[in-house]
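The values are calculated or read from the model by the stated rules, or taken from the named source; none is laboratory data. Every value quoted in this text rests on a predicted model; they were computed, and no experiment measured them. We place every Cβ from the backbone using ideal geometry, glycine too, and count neighbours over all the protein chains shown.
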Amino acid sequence: MNISNQLKKAINLIPRTNLVLQEFLAVLAEKKPVMIYVVKSDEIKLIKNNFPQINIVCHNQIIGNKKVLICALSKDKSLAKKAINIFCSKNGGDFKLLGDLMRYPKCCVESHLRYCGQSKQLDLPLIIYQAYKSSKKCNFLINNLLNFSTRVSDKDSNDFLHYLQLNKNIAIPYRYFQFISHNSCRYDCKESIKIGKEINSLLKEYAPKIEKIVKYTLSKPILFFDLFKLVIFDGYLKKGILYYKKIIPPFFLIDDLLMEKIKSGNRIIVDNKKIEILRDDSTLFIYQKKSEIDGFILDFSED
Ligand SMILES: [Zn+2]
């Protein structure tokens, strides 16, 4: 079966699994060497039966108190083995080597290592703030703020369930809001944009309806606080003012009062100390920030 037919087959079958469709397409099309994901045993069967050219190497791991299978999927079996061994190694593993195997841009791997340090605990808001601060422009192709499912830790599991509840009616699976899967060093990282572009065109060609929703959602201004605390706006940023018509899904876990004010407003101004919500020219609410990082706007909209 040629690649094009395999990709079409994947469009039909992969949405039945928990895999990220565009990542699987990229592995099939050899745009991505290997992907690592939690996979259920019946999903492994489905993939093995339908895509015999994909090798799946799995490790049993305990997450929370559940036993899960973490698997590497690749057309290259030895690559899948190497990647999963590093990923699942007890002492954290050689992330630099793993980054190379996953074909992540060197600049992004290095920046990840700088923040990661000895502890594996990432300060996500800080990493995102630094990447944002060093960017001239945020490119939607590398907007990875909605792609958090691989970063959810045990202590986030309640938030995650709440998030799922809020978004049970969204048009596509929540995992699909991404063109890249890594943390980019900046939001204008050229190497990451290149990867994002490839995945975007793959999705556009084979699943145009899904691509449209993903692109629409990712190319928006986002008010970001934390992993599960952000707001996506249908709007635009002009001279430091965010003008918006409405907020769009997926929805995150914003405090009720703040959310109510955002919903009744149509402009937001953010500085280092506060977030001001306005309806036209009149102020509705001022949120006092605890720090510079406590709420900032990343504008992924296209000019
Ligand atoms: Zn980079």
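Just one residue in the set Ser89, Ser111, Ser74, Ser78 is among the small types (Gly, Ala, Ser) and within 16 Å of the ligand (Cβ to nearest atom); that residue is Ser111. Residues in region 202-216 that are surrounded by fewer than 17 Cβ atoms within 10 Å (Cβ to Cβ) and more than 29 Å from Pro125 (Cβ to Cβ) were compared, and the one that is farthest from the ligand (Cβ to nearest atom) is Lys209. The strands (runs of 3 or more DSSP E) found wholly in region 213-303 and carrying at least 2 residues that are in contact with a helix residue (DSSP H, G or I) (Cβ under 7 Å, 6 or more places away or on another chain) and not β-branched (Val, Ile, Thr) occupy 221-226, 282-288, 296-299.
The listed residues are Val20, Val34, Val68, Val39, and the only one of them that is more than 22 Å from Ser184 (Cα to Cα) and surrounded by 18 or more Cβ atoms within 10 Å (Cβ to Cβ) turns out to be Val39. Just one residue in the set Leu7, Leu79, Leu21, Leu28 is within 22 Å of Phe160 (Cβ to Cβ) and at pLDDT 95 or above; that residue is Leu21.
Residue count for region 8-35 satisfying the condition of being within 16 Å of Lys77 (Cα to Cα) and free of Cβ contacts under 8 Å to residues at least 60 places away in the same chain: 4. Just to be sure before I move on: is Leu161 under 21 Å from Leu223 (Cα atoms) and either in contact with a Cys (Cβ under 8 Å, 6 or more places away or on another chain) or more than 12 Å from the ligand (Cβ to nearest atom) (or both) in the structure I sent? In short, no. Pull out all pairs, ordered by first then second residue, where Cβ-Cβ is under 7 Å, the residues are six or more apart or on different chains, the first lies in region 273-287 and is closer than 11 Å to Leu258 by Cβ and of a type in the set (Phe, Trp, Tyr), and the second is at pLDDT 95 or above and outside any strand (DSSP E or B). From residues that are closer than 11 Å to Leu258 by Cβ and of a type in the set (Phe, Trp, Tyr), the pairs are Phe285/Lys261; Tyr287/Leu258; Tyr287/Gly295.
Counting residues that are among the hydroxyl-bearing types (Ser, Thr, Tyr), which strands (runs of 3 or more DSSP E) fully inside region 1-87 reach at least 1? Please lay out each step first, then the result.
Numbers: elements: 34-38, 55-63, 66-74.
Result: 34-38, 66-74.
Scoring Asp100 on the criteria (1) within 16 Å of the ligand (Cβ to nearest atom); (2) free of Cβ contacts under 8 Å to residues at least 24 places away in the same chain; (3) not in a helix (DSSP H, G or I) leaves a single failure, condition (3).
Per the listing Ile248, Ile222, Ile199, the residue uniquely crowded, with 20+ Cβ neighbours inside 10 Å, under 17 Å from the mean Cα position of the chain (by Cα) and closer than 30 Å to Ala10 by Cα is Ile199.
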